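Below you'll find the structure, written out as structure tokens, and then a few comments.
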Amino acid sequence: MDLVILKNYLLPFLAAFFISLILTFLIRRLSLALKIIDQPKEPRKIHQFPVPLLGGLAVYFTFLLVTLVFYQAGYLLDGKIKPAYLLAMLIAGAVLMVGGYFDDKYKLKPIQQFICPVLAVLIVLASGLAIGYVSNPLGGLWYLAGTFWSPLLIFVWLLGMMYTTKFLDGLDGLVTGISAIGAIILFLVSLFWDVPLSGTSILCLILAGAAFGFLVWNFYPAKIFLGEGGSLFLGFSLGVLSIISGAKIATALLIMGIPILDVAWVIIRRIFKEKKSAFLGDAKHLHFRLLSAGLNQRQAVLLLYLLTLVFGAASLFQQTVGKLVTLGILLLTMVLLGWWVIYRYKKRA
């Protein structure tokens with residue numbers, strides 16, 4: 001990679017990083033002024049002092065501003081990202097921000113929280129975004145373009161990614177850091193198959209820079225939280241970018257594998273064992289159980305960062321069959337981690 005390309009990759013990342021750093025400071029002051037603050041009144045709220053919300057606004061507006069600037073500069077005009085896709089992504093992000101604001105301020109019911117994520121997905125689908133094909137593990141391709149499977153898969157995938165990052169947002173810096181790592185992994189994947197300075201790679205770097213800039217304020221002890229809109233936007237963005245980058249859904253599954261498996265298990269437990277809504281929060285997610293096993297917040301978050309990095313990096317060197325094998329290893333890792341948590345909890349009890 002020559003110095004010109006390296007410079008052009010660093011520019012969007014650093015621009016997003018520093019703008020996010022500044023905007024987060026300003027949004028924090030705004031949240032305090034508006035008294036939109038997360039009070040530690042519920043058992044699953046583990047922070048000891050009130051923390052401002054609305055942090056997702058800083059991430060979103062950074063992504064919006066830097067994306068528009070680099071679009072005007074011609075960085076995103078490689079022919080692979082249609083302007084309609086980009087516009088839909090930004091409008092959908094704005095919808096998530098509006099819904100997130102009202103939830104942070106008024107504590108919406110789960111069914112009300114569901115409205116904006118669905119609207120965001122419908123906006124993206126209306127732009128014409130589609131999954132052309134997915135790889136067949138046994139060889140060849142499954143072509144989805146023009147069938148109902150493409151919009152259905154996109155709908156389920158994006159909602160799944162959004163609710164994964166939403167439910168994951170329980171420890172300081174956890175969602176922000178994992179999303180930043182995920183964006184970097186998707187960027188590296190794009191280097192293997194895309195043209196130099198592709199629109200996909202630039203968007204991944206902008207998202208990573210925005211997340212890392214926010215992480216400075218959000219890592220333990222957090223001075224501001226993402227809030228509803230921020231946690232949804234990060235999952236939504238990773239989901240959309242994995243589709244735009246050539247349906248790299250298996251790669252995104254490896255990046256978000258531990259959180260996705262955790263969310264799936266929690267939903268199954270809530271519905272079938274506890275007979276309650278899948279959308280009601282509790283303190284039984286893996287990241288909370290790591291605390292009950294004796295880890296502190298920093299240790300738990302760094303462990304989950306490491307797992308994200310290891311399995312995400314593994315996807316860089318594998319084809320479809322290899323990724324499926326790694327998904328199996330990830331599932332085994334999740335089972336072993338769950339066993340270790342239970343063992344440690346009983347030993348400490």
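Each row is one residue, and each column tells you yes or no for (1) buried (at least 24 other Cβ atoms within 10 Å of the Cβ); (2) over 22 Å from Q299 (Cα atoms); (3) in contact with a strand residue (DSSP E or B) (Cβ under 9 Å, 6 or more places away or on another chain).
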site: Y163; (1), (2), (3): no, yes, no
site: L168; (1), (2), (3): yes, no, no
site: N218; (1), (2), (3): yes, no, no
site: S242; (1), (2), (3): yes, yes, no
site: I260; (1), (2), (3): no, no, no
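Listed here are the residues, each with its yes/no results for (1) closer than 18 Å to G177 by Cβ; (2) aliphatic (A, V, I, L, M); (3) modelled with pLDDT under 85; (4) exposed (fewer than 15 other Cβ atoms within 10 Å of the Cβ).
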residue: I271; (1), (2), (3), (4): no, yes, yes, yes
residue: S277; (1), (2), (3), (4): no, no, yes, yes
residue: G281; (1), (2), (3), (4): no, no, yes, no
residue: L286; (1), (2), (3), (4): yes, yes, yes, no
residue: L291; (1), (2), (3), (4): yes, yes, no, no
residue: L304; (1), (2), (3), (4): yes, yes, no, no
residue: Q318; (1), (2), (3), (4): no, no, yes, no
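Residues in the range 70-101 that are within 24 Å of E228 (Cβ to Cβ) and of a type in the set (V, I, T): I91, V95, V98. On the stretch given as the range 132-161, residues that are at pLDDT 75 or above, over 26 Å from M97 (Cβ atoms) and crowded, with 17+ Cβ neighbours inside 10 Å total 2. If you check L129, L86 for being buried (at least 17 other Cβ atoms within 10 Å of the Cβ), among the aliphatic types (A, V, I, L, M) and out of contact with any Leu (no Cβ under 8 Å at 6 or more places or on another chain), only one passes: L129. Among residues of the range 177-194 being under 9 Å from the mean Cα position of the chain (by Cα) and without any contact (Cβ under 8 Å) to a residue 60 or more places away in the chain, the one that is farthest from L238 (Cα to Cα) is A180. Do we find a residue being out of contact with any Lys or Arg (no Cβ under 6 Å at 6 or more places or on another chain), of a type outside the set (K, R), modelled with pLDDT of 95 or more and exposed (fewer than 15 other Cβ atoms within 10 Å of the Cβ) anywhere in the range 100-110? Scanning the range 100-110 turns up no residue that is out of contact with any Lys or Arg (no Cβ under 6 Å at 6 or more places or on another chain), of a type outside the set (K, R), modelled with pLDDT of 95 or more and exposed (fewer than 15 other Cβ atoms within 10 Å of the Cβ). Which one is farthest from G294 (Cα to Cα), of the residues in the range 330-343 that are out of contact with any Ser or Thr (no Cβ under 8 Å at 6 or more places or on another chain) and surrounded by 15 or more Cβ atoms within 10 Å (Cβ to Cβ)? My answer is L330.
Kindly establish whether K248 is buried (at least 17 other Cβ atoms within 10 Å of the Cβ) and modelled with pLDDT under 80. Yes: the conditions hold for K248.
Consider the range 166-222 and keep the residues that are hydroxyl-bearing (S, T, Y) and part of a loop (DSSP other than H, G, I, E, B). The one that is modelled with the lowest pLDDT is S198. Would you say A58 is over 30 Å from K284 (Cα atoms) and either modelled with pLDDT under 95 or assigned to a helix (DSSP H, G or I) (or both)? The answer is no for A58.
The values are calculated or read from the model by the stated rules, or taken from the named source; none is laboratory data. What you see is a predicted model, and the numbers here were worked out from it, not measured in a lab. No Cβ is skipped: glycine too gets one built from the backbone with ideal geometry, and neighbour counts run over all protein chains shown.
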